[in-house]
Every structure is written in structure tokens, then in C-alpha cells.
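Student: Dumping the structure here so I can ask a few things about it.
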Amino acid sequence: MYDKRPLIIGGAVVALLLLIGGGIFLSGRRAADAPVAPRVEEPSEAPSTQDDETRANMLQLAQRYFERGEYQRALDLLDDLLIRNADDLEALELQHLVLDARRAEQEERRREEEARLAELRALQRNDSLSDSQMAELRRLEQALAAAERDSREATAAAREAEIRRQEAAAAAAREAERRSEAERREAEEQERRAALDAEELQREEEIDRLFSRSRQAMDRSNYRDAREALEAVLDIELRDKAAQRRFHAAAHAKIAQSYLAENIDSAENRRQASRHAETAADLDPELWESYYVLGQVAAHEERFSDAVTEFQAAERRHQDSAELYMALGNARFRARSFREAAVAYRRAVEIQPNIANGYFNLGITNLQLRDQDGALRAFSRAAEVRPDDDRAHYRIGVIHADRGEFSKAIESYNAAIRIENSNADYHFRAAVAHYRGGDLSNAERRFARALELRPDSATNNYNMALVKQDLEKFAEAERYARRAVELNSEQEEYFYTLGQILAERGKIDDAIEAHLTAVRLNNRYVRAYVEVGRLLEEQGALDDALDFLLAGYQLEPNGFEINNNLGNVYLAKENHEESIRHYEIALRQRPDNSQARYNLALAQIGARRFTAAEDNLRRLISEDSTYWQAYHRLGEVLIAREESGEARVVLEDLLQRNSTYEQRSQVESILRSL
């Protein structure tokens, strides 16, 4: 019998990210996760003196733990510090050292355990392993598997810590350079103004007041007053014509910005903004804001190549605006220049780390670049700088789920749900992660919520049917499966699952009809052929079962399920040679399938191939020492081969190992006859 159909994610059989246009689709509050418009914020206030003292004490204590080899305690303290300030260079450097030391310690312990495991496996090959050593071997195998996972996580954590440390160091160097340049310019401006006469200085101070008035009006969204103040700047004549051009250029650039802030959707506002920005660029070619405005207009009109050109012109003149780099990244993304977009987003978050959209957009871009590790780092940083960003938590969950790390995925999905409980996709993905992690109860709960939010989703109804089926709530499963096929009657897997559920409820005719519908929808859907054949075999209609299975065999001659079921039917028809042939094909696909190997041995016994049957039964027992029927059949084979002494050993071993074997009386009868 085939396994149940996998959960359908977003209408497909596998988990996927739906790429829509330039972004990644996410139903919910936004139509798509294309890059988000920049949202510039002021840096947080500097820590107080008390904060400085607490930080110093925590760093000192973490250093002591590190020196004593108490690595986890040191990391816990450093994590606290980095939550407060993700760019704390000292904390990042110490974290890097601690992670390296912990990884080295784990590697040494792993080497010791591997050496001991090799010793125990050598004893096992020589059949000289005691029960306590066997227990130790199993424990070491589990420990090494866990250590391998820990090692991968530790390596990733160390790599992330090193990247963060390098980024923080580079950001600190750039900030020092920026401050130095700002101080130099301020000194030059003070020197220039000191040389002005009283009348000229008065005019420039009036310009300063007008610029201040325009900023205040812009803060109040009073764009007319802002433009009135800026136009007054244009009426002021200075003797220093170079200074006048700079002031007038700045006024034109700000007028342009006011038009876009007022209503960028207005074609007239964009026209006015472009006119003033071009005038500003003519007056002062080094003023970056004019090119920035022209880039904004081009981006809004979806002229993304032009937008990139204008934003890059602004960048050549100014490298300290996070808002500019966000806009440049967005334009490059929409122009499908993903690698260059990632460069711009990284620069934006280096300048202003608390821009959540910067890290989120970087994550989306890294997904386009197939850089899942980079995407995970970016989304994690987005969640750090803005813990209430549900989209970032959701994306982290998707990546963990894609890696099979379902507990981590669930943790992230739950974080997203706590922030935004009405997003059906979040509940849906959490349900899938619970299901794949084997937690059917929580999968049922999350699918129920997804269905509350989206009751007419065929996918949600289908997946709920699967969960109910696994929970053996077959009546409820049937209801959801029937609803799924009502909502979407073109999906063969929906009818296939409905057929399985109906069979569980004893509605065999209806089950067969559902599988036949699946075949009508897709005449190459081998699973349905197998299920019809299996159900007909169970009803004793062996010839009809054979017809369906052979039709499936023509489509998938090397498939495990089709050959395994053909082996079953031929065995029931006592056509042992054909049964053997199909079981052997099946076992080439799944050599560790115990039931198929046991059935192969039965067919070989029927064909009187006792040596081959003995080999398969002994292999089965070595792989599964609790497959009791294999001992029973092996004893019978040995008797057929006139090896009564060996048969007695095998059958007595069976009864000693399993005193409650359900066919014990038959075995005892055989033993008495020997």
C-alpha cells in the first residue's frame, strides 16, 4: 500500500516559495514581499552610565566563564548583550572566541567517541559484544549523530559571529571616518562664515531660518507652507554666487521632495518634482538629493533602469544615507539585478542597522540568489532589530522547515502568529511543520485555525483530511476530503486520498470509484492503479487486481509499490516465479523493506528455492531481530533442507526470545516432531 499523500503546500506537493514578479509571494496583509519602501529612523539613544557599567560587568563575567571553560554560560551573557546592541564589537569578538573554543572541545570529544565506537563495532563484527557494550554502542551512535548536528550548528554560529564581528568593525571604521569628514566640513563652513560681512551674514542666517521653517512645515505635512519658505530662499541674492547657487540648489531639491511627499501618485506632482530636481542638479551638480528625487520618480513610474542610474548618481555624491541605499536596492531588485541589490541593502543596514526593512529585503534578495544561509542571517537580524516584524519570523520558519528543522520552524512560526494571528499562511505553515515533525495534535489545531481564516481553500481542507486520517478520525477525514474535491475537482491526489479514507471506513466500492476518478484525471497516476489493485486483491478478485496492477507496471516498471503489490497478487495466485521476479525488483528499490523480503522468502519457499529462502530469512533476522515469523519460516526451511539440528536451534531461540509468540503451539509441535 502506498503511503498517504504528502501535505500540499500552496497547491503543490512540495514546500516552495512562489516567486511573483520581482518578489516572493506571501498572502496576508501585503500582496507580495517585494522590497519594502525604506523607513528611516533615528538611531537609538546612547546608553546611560549605568548601562555602561552593566555592560562592562557582563563582559567581564563572560570572559571569566570563557577562561574556566564554561562556554554556554559565557554565550548566554553575550547573547544578552547582543540583544541590547547587535553591533557591540567587544561582545562580538568575545563571542567569536568562545564559539571557536567550544567547537574545538566538541571536536575533541567527538574524536574520542568515534575511536571508542570503532572498537565496539570491531567487537560486534566478531560477535563478542556484551549486552552492556551493545548499549554503549547504541548510546555512542546516538551521541555522535547528535554531535554531528551540534557541530554543523556550531560551525554556522561561528561563521555568523565572525561575519557580524567583521561587519561591526567595518561599520565602526566608517562611522569614525564620517564623523571626521563632518567635522572638517563644519570647520570649513565656520571659517567661511567668519569671513562674511554683517549684511551678507544676515542674508545667510535668513536662509537658515527659512530652511528651518520649511522643515517644520514638512514635519506637519504642510507642504504649501514648506514650499513658500523655500521659494523665499530663491528670492535672496548673495554676493557669493557660488554659495547662492548651493543654497538655491538645496531649495529646489527640497521643493522637489515636498511634491513627492505630498502625493507621489500625482503625475503633476512628479512632473514638478522632476523640474525642480533638474534645476537643482544644474545649479549644483554635487547635490545628491536632486538625483535621489529623480530616481524616486523613475522608480514610481516603473522605469527601474533609469531609477538605478539616478540613484547611483546620488550615491557617487553621498554614501551616508540609508534611505538612498534602500531605494537603490529596491530599484536594482525590480530591475532583477539581485546581486547588486544585495550590495545596496547591506550598505543600508551598515549605516542604519535598525532598519528592519533593510534586513528583510536583503533576506528576500538572498533567496533570489539561492543563498539560503545569507537569507536566514538577514531575516534573523530583521527579527532582532524589529522583534514585532512577523514577516521576518515567518521567513525564518520557512527556511528551517525547508531544512527539515521542524522544531525551529515551529518556534519561528509561533512568533509570527503571536504578532499576527489572523494570517492564514502562518497557521498553515505551522500546521505543516507540526505534521512533518510527527505532532498530529498541533497540526490539527493549526489547520483548524487556517480553515477558520480560509474555509474555502481546497488545500487546507485536503491537508486537514490527511491529519484526521492519521489520527484515525475517519468520519471527519471523509468530510474534509469530500470538501476538498468539491472545491477542486481537478486534483488526482485529492481523489486518491478520499479513496484511502473511504477504504478505511469500509466503503470499498466508493473507494474504488474515487481511485478510478484519480486515474481518469491522470491516466499515469500509478498510485491509484496500485490502490485499486490492492483493494480488489483484498476482495479476492485476483484477476481484476492483476489487470490494474499490470497497467500500472507499464507506467512504472521499476517502482517499489507496483512490484510489491504484483508480488502479493502472484503469490496469492501461487504463481511463485512471477511473484519472485516482482519482489526482487521491489527490493532493489527498498532493500531494507522487511515485509517485502519476508514475502520474497515465502515465494521462494513455494518455488522450492530453499537455499535462497534461507538466505533472505537470515538476512531479515539480522536486520530485524524481532521479526518472529522469519524465525518460524527459517526453521521450516531448515527442516525441508534436512538440517534438523539447526532448525531446532532456530525454533528454540524463537520461543526463548518471545515466549508469547502467537503461533507458539505450532512451533512446539514442530520441535516435538524433530
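The values are calculated or read from the model by the stated rules, or taken from the named source; none is laboratory data. Since the structure is predicted, the reported quantities are computational estimates derived from the model, not experimental observations. Here the Cβ positions follow ideal geometry from the backbone for every residue, glycine too, while neighbour counts run over all protein chains shown. All accessible areas refer to the heavy atoms of the entire protein, side chains included, with ligands and DNA or RNA removed. Shrake-Rupley method; radii C 1.70, N 1.55, O 1.52, S 1.80 Å.
Student: Go through the stretch 52-70 and count every residue that is open to solvent by less than 40 Å² (accessible area, probe 1.4 Å), more than 23 Å from residue 381 (Cα to Cα) and assigned to a helix (DSSP H, G or I).
Tutor: 1
Student: Here is a list: 250, 217, 232. Which entry is in contact with a Phe, Trp or Tyr (Cβ under 8 Å, 6 or more places away or on another chain), more than 22 Å from residue 291 (Cα to Cα), open to solvent by less than 70 Å² (accessible area, probe 1.4 Å) and in a helix (DSSP H, G or I)?
Tutor: On inspection, the qualifying residue turns out to be 217.
Student: Right, another one. Give 358, 363, 397 a once-over and let me know the one that is surrounded by 24 or more Cβ atoms within 10 Å (Cβ to Cβ) and in contact (Cβ under 8 Å) with a residue 40 or more places away in the chain.
Tutor: 358
Student: Buried (at least 24 other Cβ atoms within 10 Å of the Cβ), assigned to a helix (DSSP H, G or I) and not aromatic (Phe, Trp, Tyr), is that true of residue 299?
Tutor: Against the criterion (buried (at least 24 other Cβ atoms within 10 Å of the Cβ), assigned to a helix (DSSP H, G or I) and not aromatic (Phe, Trp, Tyr)), residue 299 does not qualify.
Student: In this structure, is residue 624 open to solvent by 80 Å² or more (accessible area, probe 1.4 Å) and within 25 Å of residue 571 (Cα to Cα)?
Tutor: no
Student: Can you report the number of residues in the stretch 443-473 which are closer than 15 Å to residue 422 by Cβ, open to solvent by 10 Å² or more (accessible area, probe 1.4 Å) and assigned to a helix (DSSP H, G or I)?
Tutor: Residues flagged as closer than 15 Å to residue 422 by Cβ, open to solvent by 10 Å² or more (accessible area, probe 1.4 Å) and assigned to a helix (DSSP H, G or I) within the stretch 443-473 amount to 6.
Student: Okay, moving on. Could we say that residue 597 is open to solvent by 10 Å² or more (accessible area, probe 1.4 Å) and out of contact with any helix residue (DSSP H, G or I) (no Cβ under 7 Å at 6 or more places or on another chain) here?
Tutor: no
Student: Count, please, the residues in the stretch 82-120 that happen to be within 27 Å of the chain's Cα centre (by Cα) and under 18 Å from residue 54 (Cβ atoms).
Tutor: So the answer is 8.
Student: Where the second residue is in a helix (DSSP H, G or I) and of a type in the set (Ser, Thr, Tyr) and the first is within 14 Å of residue 256 (Cα to Cα) and lies in the stretch 213-231, which pairs have Cβ atoms under 7 Å and are six or more apart or on separate chains?
Tutor: 218/258; 223/258; 226/214; 226/258; 227/258; 229/214; 230/214
Student: Something else about it: Show the residue pairs that are 6+ apart or on different chains and have beta-carbon atoms under 6 Å apart, the first residue being within the stretch 484-503 and open to solvent by 40 Å² or more (accessible area, probe 1.4 Å), the second being assigned to a helix (DSSP H, G or I).
Tutor: Final answer for the pair search is 487/458; 488/458.
Student: May I ask you to verify whether residue 93 is at pLDDT 75 or above, open to solvent by 50 Å² or more (accessible area, probe 1.4 Å) and either closer than 30 Å to residue 344 by Cα or touching a strand residue (DSSP E or B) at 6+ places or on another chain (Cβ under 7 Å) (or both)?
Tutor: When the stated conditions are applied, residue 93 passes them.
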